[in-house]
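Here's the structure, in structure tokens; my notes come after.
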Amino acid sequence: MIGIGQRLREERNRLKLSQSALGSIGGVETNAQGNYESGLRSPKADYLLRISEAGVDINYVLTGIHLHEAGRSGARVLEPDPAKEEHLDKVTHQLHRNLHGLIDALYQMALMIELRASGTSDDTVKRELETIRTETQELAQASVRLIFTTSKLS
């Protein structure tokens, strides 16, 4: 059974990207990309989000099922594979842990921004801080939606 690392390598090769290039897109060093592909480390949610925006089929990387196979009418029915189901549960749990950590960090950031904004009279700084605060809240809301959506996978 091939794992996430092998499927990640397949997607990178499909897109004709080097480890360095995909790592850069995902916001990690080349050695981290190599560790993901070799299975020594598991990629985090923010990395997966960034590479999905570059065309990597994250559904395939995580589950072994290409999106076009999963959504196509008349597609073959895939028999549940207990090993894949167990692995998906493990990956989903790790994703949820990472997202909870992200949400906590975003909450702390929002609190610090509010403190800083109340301590300045510079309107330009206040507008910039408000933009950051708004984006922080949107990212936290998206993380909560992702947790809710992926909870249905288990």
Within the set of pairs 6+ apart or on separate chains, which have a first residue in the range 92-115 that is closer than 17 Å to Asp46 by Cα, a second that is basic (Lys, Arg) and surrounded by 17 or more Cβ atoms within 10 Å (Cβ to Cβ), and C-beta atoms under 8 Å apart? Asn98/Lys44
What number of residues within the range 20-60 satisfy the criterion of being among the aromatic types (Phe, Trp, Tyr), within 20 Å of Leu99 (Cα to Cα) and touching a residue at least 24 places away in the same chain (Cβ under 8 Å)? 1
If you take the residues of the range 20-32 that are within 21 Å of Lys90 (Cβ to Cβ) and of a type outside the set (Val, Ile, Thr), which of them is surrounded by the most Cβ atoms within 10 Å (Cβ to Cβ)? Gly26
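Coordinate-derived values only; no laboratory data. The structure displayed is predicted, hence computed values, not measured ones. A quick note on method: Cβ atoms are made from the backbone with ideal geometry, for glycine too, and the neighbour counts reach across all protein chains shown.
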